[in-house]
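Reading through the structure tokens given below for one structure.
The values are calculated or read from the model by the stated rules, or taken from the named source; none is laboratory data. Treat the numbers as computed from the prediction; the structure is a model and nothing was measured. Glycine also receives a Cβ, built like all others from the backbone with ideal geometry; neighbour counts cover every protein chain displayed. Only protein heavy atoms, including side chains, enter the accessible area calculation; ligands, DNA and RNA are left aside. Shrake-Rupley method; radii C 1.70, N 1.55, O 1.52, S 1.80 Å.
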Amino acid sequence: MAEDLAIITGSKAEQYQSLIPQIKGLLDGEPDLIANMANLTAALKEQFGWLWVGFYIVKKDELVLAPFQGPVACTRIKKGRGVCGSSWAQSKTLIVPDVEKFPGHIACSSLSKSEIVVPVIHNNQVVAILDIDSSEYDQFDTTDQQYLEEIVALVSFS
Ligand code: SME
């Protein structure tokens, strides 16, 4: 396994296209979920420099904080609450250009301005979510959605 990530400049799509094979390399042959989530969040944070990149894992009726990179965060989120709980309840990716305009947004950090939450689906069930926060408004779009959905599918829950 390469120990250094190759960080590139370029369009968002070019950055994801450079990163995805490297993430595959990091996860290849490693069955441990927490180890893979940890490296995946580190790789995304290192390439894109976002404020916060992390997973929450579904445990009973709550999301519980899992590997992340960034400032300390809320540990438990109920289904349907905030952007994360809404993504879980709706089983779909949510893009929020301005977090203050999202009803019920949970402000773990006052620095967060925009957010994307991508559900991790296994056997037709949401088993975790990937949450990314930016300190700038309107930082996420369908390009992020497309590539991040591809990336979270690399995390094995079997
Ligand atoms: N803002 C999220 C909570 C998680 S933190 O951003 C890390 C939400 O509204 O669900």
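So which residues in the stretch 70-104 are open to solvent by 30 Å² or more (accessible area, probe 1.4 Å), touching a helix residue (DSSP H, G or I) at 6+ places or on another chain (Cβ under 7 Å) and either away from the ligand (no atom under 11 Å from the Cβ) or under 14 Å from Ile129 (Cα atoms) (or both), if there are any at all?
Result: Lys78, Lys79, Gly80, Ile95.
Which count do you get for residues in the stretch 105-158 that are more than 16 Å from the ligand (Cβ to nearest atom) and small (Gly, Ala, Ser)?
3
So if I check each of Ser110, Ser135, which one is at pLDDT below 95 and surrounded by fewer than 20 Cβ atoms within 10 Å (Cβ to Cβ)?
Values: Ser135 fails: at pLDDT below 95.
Just one listed residue meets the conditions, Ser110.
Here are the criteria: (1) modelled with pLDDT of 95 or more; (2) open to solvent by 60 Å² or more (accessible area, probe 1.4 Å). Tell me which single one Ser11 does not satisfy.
Result: Ser11 passes all but (2).
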